[in-house]
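Below is one structure, written out as structure tokens; comments come after it.
The values are calculated or read from the model by the stated rules, or taken from the named source; none is laboratory data. As the structure is a computational prediction, the values presented were derived from the model and not from experiment. Note that each Cβ is placed from the backbone with ideal geometry, even for glycine, and that neighbours are counted across all protein chains shown. Remember, those area values only see protein heavy atoms, side chains included, never the ligands or the DNA or RNA. Shrake-Rupley method; radii C 1.70, N 1.55, O 1.52, S 1.80 Å.
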Amino acid sequence: MNDSPITVDYALAMAEGVGPLGGLRDEELDAERPAFERAAKHVAAQTSDGTLGFWNLPADTEQLRQVRDVRLALPERLHDVLVLGIGGSSLGGRAIYQALSGPLELVGIGKRTHPRLHFPDNADPWMLAALLDVLTPAATVVLVVSKSGGTIETAAQLLVLKHWLQSALPESEVQKRIVAITDPKQGSLREEAVAQGWPTLSVPSNVGGRFSLLSPVGLLPALLAGADIDDLLQGAHAMAQRCTVTELRNNPAGVLAAVHVLQHRLRGRAINVMMPYCDQLRPFAAWYVQLWAESLGKRVNRAGEVVEQGPTPIAAVGATDQHAQMQLFMEGPRDKVVTFVRVQTPSRDLVIPESKGAAAYLGGTTLHALLEAEREGTTEALAMDGRPSLTVSLPRLDAWHLGALFFLYEAATAFAGELYGINAFDQPGVELGKRLAYGLLGREGFERTAQEIRTREAKRPKRYTVR
Ligand code: PA5
């Protein structure tokens, strides 16, 4: 439970903070108020009529019971959990895991109080093969997460894992070690789970992959990792209430959405950098990148006109990226808005010992204070050069504030979609690549697709290959 909310400080994205070239004028932001009000009402209407499901997830406590029941049915001796899934079916769970687990648990050192979680989301066998070499089938559980139930990478990994479990355990034991998290009714994963008698959990049919982390998709991995899933949902619920307000400047997600969309539309800043000064939030930045990119990058607008628009999100982490990408953010093209995420009270801290010599001035300060000074210095340096930024502050990084942070960005994404005039909830652009891959892998019904690719390949000029 918590009292102190997350704050969004956008002074340095406004003209008063960074000057008229880098910042928005008050009247420009205020001119967006009617559009935002319509956006908020449209999202609320879609939530009420059942088109959009993500907004109601934080209040859905029934799913907590279901997640706990599934956890109780899993084998007691559990060392490792393999979470099979990709994109929205993996990034949220991983972000929760890293944010709320101890660092040693993540790297597998020291005493363990909970099973280790692994997210081998990619089809690249490098990680999965290595894991299967060392994990014990009897002490491992597989969570297979796929909203559609047909995603090629996840389906392939599941086949590998089923074989791995079946080679070591009787069928009755295998059955207890695979949990399917998928659409409540549709898809081949649902069919298989029912046929095999695997424990299953549902992703509501009106919740898309990248908006699903506050469903069993994120909740079961979080529970297995020892996180307080009640607090996670309560924090998200409190944020959902703040984001229901239709007055733009009182709605934290509305401000995030409007500032980014207007910086793009009016100042040409199409690149959005997410830069937490906190290692625990590195995967949060990756989750944000997928959410922002897949939701907002669209060929057509809601009127069906070709617009080919969307911001480009970039993940960075402070202070590491001060020694990598910051040079570009500071002196490169003026096409970026940087969001700094700060955690006011760190999970752990260390005092820097007194010393003589060049580093004497650091004595007695803490590493967290050092990080904070670096964040503040970087924020000011950008502002002094008229480069806009926002700062999202969390009093601390616990389950409550993490839930609130996730919801804040889900709501901001939904609002940004409305302000851009596009549908933030589909992803037609990724479908073609999937169909072409099916053709190449010989899937029935995709024979012509394979032929087309081979014909195009044959026609491609060879003289452009350097050998
Ligand atoms: O956000 C999305 O919709 C996607 O990133 C999906 O999560 C991803 O493609 C995986 O799909 P699925 O959950 O159906 O396996």
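Once Rg and the Kirkwood radius are both taken over the C-alpha atoms of the chain, their ratio Rg/Rh works out to 0.99. Normalising by residue count, the stretch 54-231 has a Cα convex hull of 106 Å³ per residue. Once you have a ≥ b ≥ c as the square roots of the Cα gyration tensor eigenvalues for the stretch 265-307, tell me rounded if a/c is under 1.5, and otherwise prolate or oblate according to whether a/b is larger than b/c. It comes out oblate by the Cα gyration axes. For ILE109, the solvent-accessible surface computed with a 1.4 Å probe is close to 100 Å², ligands and nucleic acids excluded.
Here the dipole of the chain is about 1420 debye; that uses its Cα centre as origin and unit charges on the Cβ of Lys and Arg (positive) and Asp and Glu (negative).
Take VAL245, VAL142 and sort them by solvent-accessible surface of the protein heavy atoms, 1.4 Å probe, largest at the top. Please list the in-between numbers first.
On the way: VAL245 50, VAL142 0 Å².
Largest to smallest exposure gives the sequence VAL245, VAL142.
Within the straight-line cut-off of under 14 Å between alpha carbons, the aspartates and glutamates reachable from LYS336 are ASP385, sequence neighbours fewer than 8 places apart in one chain being disregarded.
Roll a 1.4 angstrom probe over the protein heavy atoms and tell me the percent of accessible area of the chain that is carbon or sulfur. Present the calculation step by step, with values, prior to reporting the outcome.
Working: 11660 of 21510 Å².
Here carbon and sulfur together make up 54 percent of the probe-accessible area.
Taking all protein chains into account, the per residue accessible area for the chain stands at 46 Å² (1.4 Å probe).
Assuming a ≥ b ≥ c are the square roots of the Cα gyration tensor eigenvalues, decide whether the stretch 47-91 counts as rounded (a/c under 1.5), prolate (otherwise, with a/b larger than b/c) or oblate. Numbers along the way, then the final one.
On the way: a/c = 4.33, a/b = 1.62, b/c = 2.67.
Oblate.
Let me have the relative contact order for the chain, percent, based on Cα pairs under 8 Å that are six or more residues apart. Show your work: numbers first, answer last.
On the way: 807 pairs, mean separation 101.8, N = 467.
Once normalised by length, the contact order is 22 percent.
Counting Lys and Arg as +1 and Asp and Glu as -1 over every other residue whose Cβ lies under 13 Å from the Cβ of GLU191, the net charge comes to 0.
Computed extension length for GLU305-ALA369: 18.1 nm, one decimal, from 0.36 nm per residue of separation with the Cα-Cα distance subtracted. For the stretch 147-283, state what percent of all Cα-Cα pairs lands in each successive 10 Å bin, counting from 0 Å until the bin that includes the largest distance. The percentages, shortest bin first, are 10, 25, 30, 21, 10, 3, 0.
The spacing between the stretch 380-429 and the stretch 322-360, judged by their C-alpha centroids, is 20 Å. Taking a ≥ b ≥ c as the square roots of the eigenvalues of the Cα gyration tensor, the stretch 209-349 is classed as oblate, since a/c reaches at least 1.5 and a/b does not exceed b/c.
Dipole size in debye (nearest 20) for the stretch 127-212 around its Cα centre, Lys and Arg Cβ +1, Asp and Glu Cβ -1?
240
Rounded to the nearest 20, the Cβ-based charge dipole of the stretch 243-367 about its Cα centre (Lys and Arg +1, Asp and Glu -1) stands at 260 debye. Which of the helices in the chain meet the span-like rule: DSSP H, Cα axial reach of 24 Å or more, Kyte-Doolittle mean at least -1.0? Taking the DSSP H segments of the chain (at least 24 Å long, mean hydropathy at least -1.0), we get 367-384, 399-420.
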